[in-house]
Amino acid sequence: MADTNSTPQASAYTALGTARTDKVTLPEATFDGVINVPVMHKAVTAFLANQRQGNAATKIRKFVVGGNQKPWKQKGTGRARQGSTRAPHFVGGGTVFGPTPRAYDQYVPRQVRALAKKSALNARAREGSIIVIDGFDYDAPRTAALVALTARLGVADKKVLILTDGVKQNVFLSGRNLPNVHVMPFVDSSTYHILWSDVVLVEAGAIGQTLEPVQETAAPLPKRERVTVERPAKRAAKAAKSPAKKAARKTAKTAAKSAAKKPSAKKSTAKKSAAKKSTKRKEK
């Protein structure tokens, strides 16, 4: 199944989300309008199969520890003859026909993969889901910049795939913490990534286009408002620190100290009197 369509155009924006007046004509070499659904299905299933590790494994009876001795003698017990307790029908025995480590890799020819990727890009272009960005020039990673860009483009609630012109570490780090944003170079994108996304943001240099820079002022980034919630325990702690309660605490502490000192003074006087009596007895 193959459909053809004329070369589409895509709307262009700046890295800050300002719309440009002129639209960008997508290159005919890639966006020729061909959409081959079976090839895309083959590429996606192969991609997902290649992600599997195939580590599932079970032990057969020869790998299970123990069971080297017959559980009972061959004859005379009235039971069936058994040679090992590690047989499959014993508890703790080996597994029959269980999974073993294997590779799930599927090979797809290079030309088939290229056709599938082209078909996925054409499908997104036909839906009008491809947006061209003049250039991502980030001096440092800034997640808030990508959040503001997706908000201004109206795709904050969609899955966004950002395709850069080559490897750009700062752009990748800016979108790494966003669950609905995936950043990767244009040449590394696959059919799965393009079909996963709802909107594709392509850098102009990645598709061979050069857009003149537009002077614009950066929109203020949204600031997070810190919301403080007072809990009952904190309220009680604040109320306990009132001046009246502080004074009551001080008086209670002083009263407790004075009460603690009085018995000690009585004990010391009693000890002194006992010592005097003992000295008098010795003199006599």
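Looking only at the stretch 146-164, which residues are among the β-branched types (Val, Ile, Thr) and in a helix (DSSP H, G or I)?
Of the stretch 146-164, the ones among the β-branched types (Val, Ile, Thr) are 147, 150, 155, 160, 162, 164.
Within the stretch 146-164, VAL147, THR150 meet the criteria.
Of everything in the stretch 8-28, what is charged (D, E, K, R) and free of Cβ contacts under 8 Å to residues at least 40 places away in the same chain? Give them in sequence order.
We begin by selecting, within the stretch 8-28, every residue charged (D, E, K, R); these are 20, 22-23, 28.
Passing the criteria: ASP22, LYS23, GLU28.
Could you say which residue among TYR138, TYR104 is modelled with pLDDT of 95 or more and either among the hydroxyl-bearing types (Ser, Thr, Tyr) or closer than 18 Å to ALA12 by Cα (or both)? Let's see the steps before the verdict.
Details: TYR138 fails: modelled with pLDDT of 95 or more.
Testing whether each residue is modelled with pLDDT of 95 or more and either among the hydroxyl-bearing types (Ser, Thr, Tyr) or closer than 18 Å to ALA12 by Cα (or both) leaves just TYR104.
Do we have any residue at all in the stretch 127-145 that's part of a helix (DSSP H, G or I), among the small types (Gly, Ala, Ser), farther than 20 Å from VAL181 by Cα and under 29 Å from the mean Cα position of the chain (by Cα)? Outline the logic, then answer.
Initial filter on the stretch 127-145 (part of a helix (DSSP H, G or I)): 143-145.
Among the residues that remain, those that are also among the small types (Gly, Ala, Ser) are: 144-145.
Narrowing the set further to residues that are farther than 20 Å from VAL181 by Cα leaves none.
Within the stretch 127-145, not a single residue is part of a helix (DSSP H, G or I), among the small types (Gly, Ala, Ser), farther than 20 Å from VAL181 by Cα and under 29 Å from the mean Cα position of the chain (by Cα).
If I filter the stretch 58-67 for residues that are of a type in the set (Val, Ile, Thr) and under 30 Å from ALA144 (Cβ atoms), do I get at least one hit? First the steps, then the outcome.
Taking the stretch 58-67 and keeping what is of a type in the set (Val, Ile, Thr), we get 58, 60, 64-65.
Keeping just the survivors that are under 30 Å from ALA144 (Cβ atoms) gives none.
Checked the stretch 58-67: no residue is of a type in the set (Val, Ile, Thr) and under 30 Å from ALA144 (Cβ atoms).
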Among the residues of the stretch 29-81, how many are touching a residue at least 12 places away in the same chain (Cβ under 8 Å) and not in a loop (DSSP other than H, G, I, E, B)?
15
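For the stretch 146-180, what are the residues that are more than 23 Å from the chain's Cα centre (by Cα) and of a type in the set (A, V, I, L, M, F, W, C)? Step through it out loud before you land on a result.
From the stretch 146-180, those more than 23 Å from the chain's Cα centre (by Cα) are 152-154, 165-166; that's our starting set.
The answer is LEU153, and nothing else.
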Do the conditions hold for ALA239, that is, is it modelled with pLDDT under 95 and either surrounded by 11 or more Cβ atoms within 10 Å (Cβ to Cβ) or in the same structural domain as LEU163 (by TED's automatic domain parsing) (or both)?
no
Of all residues being outside any loop (DSSP other than H, G, I, E, B) and out of contact with any Pro (no Cβ under 9 Å at 6 or more places or on another chain) in the stretch 10-28, which is surrounded by the fewest Cβ atoms within 10 Å (Cβ to Cβ)? Just the residue, please.
ALA19
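The values are calculated or read from the model by the stated rules, or taken from the named source; none is laboratory data. Source: prediction; values computed, not measured. Cβ atoms come from the backbone with ideal geometry, glycine included; neighbour counts cover every protein chain shown.
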